[in-house]
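**Student:** Here it is, the structure, as structure tokens.
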Amino acid sequence: MLGGVANAGQVIRQGNSVLRPSNANSESIHAFLSALRAAGFIGASLPIEIQADGRERLAFLEGDVPIRPYPLWAQSREALASIAFLLSEFHTASGLVSSHLSTWSNELADPSGGSIVCHNDVCMENVVFRDGAAVGLLDFDFAAPGRPLYDLAQFARMCVPIDDDISAARLGWQITDHPARLRVVTEVYGLDKRA
């Protein structure tokens, strides 16, 4: 499958499932994803197994995943708003699940820690869209306990994007209304109600 950075070229689809490299935190991630589903959140792949060959198998989420250079539909305010809404739903469900499972990645984790498991890597390549609206989050390799506000800020940094013009252009961003897009993120996410 196309896309990704760390696992580029190593993720393959087999029927209704996806095989990808597992890591030291995969058992915790699988337990977390199963608990999320039990809490009613369907916007993440359901784990199936960790195979003896070191790969994990997850249910395939049907839809479109934008890859660089990002298509214009993925850069729309509507697409951005749908990700912010999905992230809000994810954080609500994550708050119902124990964050004290086994191990978590500390690579992108909130340095202050936190009480719920956050995704920490909500970028365009880790979001599944259907008809231009975000319906699923992928790649929980960097998930770890943290503060939802930190996770929201990481998402905004990558998808508003809050980046220098040269880096944004390399990814294909054609955005000029950063303040308005940041306002969309905070309003749709419901930051004023959560703060």
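**Student:** Would you mind giving the three semi-axes, in whole Å and largest first, of the ellipsoid equivalent to the range 113-195 according to its Cα gyration tensor?
**Tutor:** 21, 16, 14
**Student:** I need the P(r) histogram for the range 33-119: all alpha carbon pairs, bin width 5 Å from 0 out to the longest distance, whole percents.
**Tutor:** Going out from 0 Å in 5 Å bins, the range 33-119 shows 3, 11, 15, 19, 21, 17, 10, 3, 0 percent.
**Student:** Could you sort the peptides 168-179, 126-137 by per-residue average Cβ neighbour count (10 Å cutoff), highest mean leading?
**Tutor:** Ranking the peptides 168-179, 126-137 by packing returns 126-137, 168-179.
**Student:** Work out from phi, with θ = phi - 60° and the Karplus expression 6.51 cos²θ - 1.76 cosθ + 1.60, the ³J(HN,Hα) of each residue of the range 181-186, listed in order in whole Hz, and give x for Gly and Pro.
**Tutor:** For the range 181-186, the Karplus curve yields 5, 5, 5, 4, 4, 5 Hz.
**Student:** What's the extension gain from ASP64 to ALA153 if we count 0.36 nm per residue and subtract their Cα-Cα distance?
**Tutor:** 29.7 nm
**Student:** Heavy-atom accessible area per residue, the chain, 1.4 Å probe: how many Å²?
**Tutor:** I get 50 Å² per residue for the chain.
**Student:** Further question on the same structure: Measure off, as a whole percent, the carbon and sulfur share of the 1.4 Å-probe accessible area of the range 8-100, all protein chains present.
**Tutor:** Answer for the range 8-100 is 55 percent, counting heavy atoms of protein chains only.
**Student:** Convert each backbone phi in the range 38-46 into a coupling constant with the Karplus relation 6.51 cos²θ - 1.76 cosθ + 1.60 (shift: θ = phi - 60°), then list the ³J(HN,Hα) values in order as whole Hz, x for Gly and Pro.
**Tutor:** In residue order, the calculated couplings are 5, 7, x, 8, 9, x, 8, 4, 8 Hz.
**Student:** Something else: For the chain, evaluate the Debye formula with one uniform point scatterer on each Cα (no solvent term) and list log10 I(q)/I(0) at q = 0.09, 0.11, 0.16 Å⁻¹, rounded to two decimals.
**Tutor:** Once normalised to I(0) and log-transformed, intensities are -0.31, -0.47, -1.04.
**Student:** Please list 3J(HN,Hα) in residue order for the range 121-133, calculated via the Karplus relation 6.51 cos²θ - 1.76 cosθ + 1.60 where θ = phi - 60°; whole Hz, with x for glycine and proline.
**Tutor:** Running phi through 6.51 cos²θ - 1.76 cosθ + 1.60 with θ = phi - 60° gives 8, 7, 10, 4, 5, 10, 10, 9, 10, 10, 6, x, 10 Hz.
The values are calculated or read from the model by the stated rules, or taken from the named source; none is laboratory data. Source: prediction; values computed, not measured. Note: ideal-geometry Cβ built from the backbone for every residue, glycine included; neighbour counts use all protein chains shown. For accessibility, only protein heavy atoms count, side chains too; no ligands or nucleic acids. Shrake-Rupley method; radii C 1.70, N 1.55, O 1.52, S 1.80 Å.
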